[in-house]
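Below is one structure, written out as structure tokens, with a few remarks after it.
The values are calculated or read from the model by the stated rules, or taken from the named source; none is laboratory data. Values in this document were obtained by computation on a predicted structure and should not be read as measured data. Here the Cβ is made from the backbone with ideal geometry for all residues, glycine too, and neighbour counts use every protein chain on show.
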Amino acid sequence: MTLEPYDRSVPAKQPGLSLETRNLKPGVRLAVGVSGGADSVALLLALAERGRELGLVLSVAHLHHGLRGAEADLDLEFVRDLAGSTGLPFHSERVETATLASADSATGKGAETIEEAARRLRYQWFRRLMASGGVDAVATAHTLDDQAETVLAKFLRGAWTEGLSGIYPVVEFPEGPIVRPLVGTTRAEVEAYLKANGQLWREDSSNRHLTFTRNRIRHELLPLLEVWNPRLREHLAQMADLARDEEAWWGDETARAAAQVILPGRPVRGGGRAAAEGIALDVAQLSALKPAMQRRMVRYAAEQLGFSPDFPATEALRALASRGRAGQRTEVAGGLRGERTHRELRLSVLPPAGTDAAPAEVTFEVPGEVRAPALGVHLLVEAPISTMATLRAWRPGDRVQLRHSSGPRKVKEVLERMKVNGAARSTWPVVEMDGNIVWMQGVAVELSPEIRIKAIPTGTESRPE
């Protein structure tokens with residue numbers, strides 16, 4: 001593909017591009033991720049125009065992925081020149097994406113596509129920039145078109161409502177936020193803005209390769225569907241907005257209902273409940289809920305054990321709760337067991353195989369899998385960046401940020417509230433990542449939307465979508 005030429009001069013002032021600025025606070029040192037493509041070039045110019053008004057301290061960040069040879073080298077020089085013409089500091093780094101993707105696949109953690117590896121490495125670098133202390137936040141140039149493509153891709157994979165939330169306007173990481181100021185702006189508006197300013201950009205030839213799923217959606221499926229509905233992209237983006245708001249509401253409602261439905265431990269003769277692995281749901285309370293809340297409640301309980309059951313698995317557990325007999329069991333979702341008692345639906349993790357195959361504390365690379373049979377845990381962790389994590393038993397002084405909690409809680413207090421005692425208490429498993437506990441058995445931990453942790457049976461090799 002012929003690459004677009006570019007003008008090294010500062011573009012003339014033209015009507016500004018619409019930006020979502022609610023997540024941009026005065027004084028923030030904001031690095032703008034610029035690939036050289038139209039979206040990121042427009043974002044940089046629009047922010048540079050309004051940087052003083054918004055009180056932002058801007059810089060430019062470009063990651064060379066080690067792909068596309070001389071074409072990528074020219075992208076780097078273009079972005080470097082653009083940063084110079086706008087008088088902004090320039091950050092750059094090079095990674096060998098193909099090599100790192102191949103290395104990850106060789107570990108047996110599941111195949112990683114070039115797209116997945118590039119995205120993981122890009123977010124890893126953004127987080128390093130913020131961790132360095134010179135950058136408070138990073139802005140990326142996701143547009144309304146990207147949002148529509150993401151929602152459609154997740155719909156095709158069979159996502160639940162939370163999956164249809166698509167691209168979030170801001171994603172919080174421990175090092176700082178990633179913000180998307182153009183997520184409400186179309187690609188057509190971006191290109192019109194650049195042309196009005198006389199600013200050209202570079203085209204990535206790989207964006208035309210139909211071997212990539214995203215490109216097939218962009219160039220084949222969406223145009224075909226727009227024959228039926230010319231406003232489809234707008235409607236898909238609106239669906240993402242609706243899904244995010246409804247997920248926030250459902251989260252609060254589900255947490256409130258869980259206090260009545262979800263029970264700690266096992267019942268004991270004479271009254272009360274004893275500590276036990278797994279989690280229980282009161283079937284009478286569950287059956288009194290509407291089907292929509294029943295599904296939410298079953299998935300909420302499963303998530304506390306690290307699972308995200310799909311629709312058939314969720315329906316199988318609902319059926320066991322409503323029509324199952326005492327003693328009846330079902331195994332679903334790659335290692336989640338449901339067992340019916342007279343009054344409860346009990347969920348637990350299937351016992352791992354090879355109980356002497358791993359130590360009780362394991363440091364592992366994320367994204368990836370980890371096994372600790374001594375703790376009775378086998379987890380699969382998906383994250384947008386590459387880092388290290390540790391699966392271990394909790395320690396005195398550990399704190400955890402529970403979902404829907406106002407602040408961190410001591411793990412000791414959480415276990416006391418769960419009535420976990422004896423040997424089970426001393427070996428209660430947690431996962432630590434970047435100094436924070438991101439998973440704890442039996443509770444829902446507050447996580448970035450882009451981090452997913454689920455339990456799987458030992459020996460299974462899989463990767464969440």
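Remark: pairs (first residue in segment 405-434, on the phi > 0 side of the Ramachandran plot; second residue at pLDDT 75 or above; Cβ separation under 6 Å; 6+ apart in sequence or on different chains) = D434/P174. For segment 404-412, indicate whether the set of residues that are modelled with pLDDT of 80 or more, in contact with a strand residue (DSSP E or B) (Cβ under 8 Å, 6 or more places away or on another chain), farther than 13 Å from M433 by Cα and assigned to a loop (DSSP other than H, G, I, E, B) is non-empty. Yes, the conditions are met somewhere in segment 404-412. Does at least one position in segment 180-202 carry a residue that is of a type in the set (S, T, N, Q) and either more than 22 Å from G36 (Cα to Cα) or surrounded by fewer than 13 Cβ atoms within 10 Å (Cβ to Cβ) (or both)? Scanning segment 180-202, I find no residue that is of a type in the set (S, T, N, Q) and either more than 22 Å from G36 (Cα to Cα) or surrounded by fewer than 13 Cβ atoms within 10 Å (Cβ to Cβ) (or both), so the answer is no.
Among the criteria (1) at pLDDT 90 or above; (2) surrounded by fewer than 18 Cβ atoms within 10 Å (Cβ to Cβ), the one V135 does not fulfil is (2). Of the residues screened, E172 is not one that is among the charged types (D, E, K, R) and over 27 Å from V135 (Cα atoms).
Taken together, the criteria exclude A383 from residues that are touching a residue at least 12 places away in the same chain (Cβ under 8 Å), in contact with a Pro (Cβ under 7 Å, 6 or more places away or on another chain), more than 24 Å from Y123 (Cα to Cα) and outside the structural domain of E172 (by TED's automatic domain parsing). If you go through segment 51-71 and pick out every residue that is basic (K, R) and surrounded by 17 or more Cβ atoms within 10 Å (Cβ to Cβ), you end up with 0.
Any residue in segment 15-36 that is surrounded by fewer than 19 Cβ atoms within 10 Å (Cβ to Cβ), over 21 Å from V183 (Cα atoms) and either under 28 Å from the mean Cα position of the chain (by Cα) or not assigned by TED's automatic domain parsing to the domain that holds W125 (or both)? For segment 15-36, residues surrounded by fewer than 19 Cβ atoms within 10 Å (Cβ to Cβ), over 21 Å from V183 (Cα atoms) and either under 28 Å from the mean Cα position of the chain (by Cα) or not assigned by TED's automatic domain parsing to the domain that holds W125 (or both): present. Of everything listed in (1) modelled with pLDDT under 85; (2) under 22 Å from W439 (Cα atoms), the single unmet condition for T314 is (1). For segment 389-401, the set of residues classified as touching a residue at least 40 places away in the same chain (Cβ under 8 Å) and either more than 23 Å from E247 (Cβ to Cβ) or crowded, with 18+ Cβ neighbours inside 10 Å (or both) consists of A389, T390, L391, R392, W394, V400, listed by residue number. Looking across L76, L121, L100, L82, one residue alone is modelled with pLDDT under 85 and assigned to a helix (DSSP H, G or I). It is L100.
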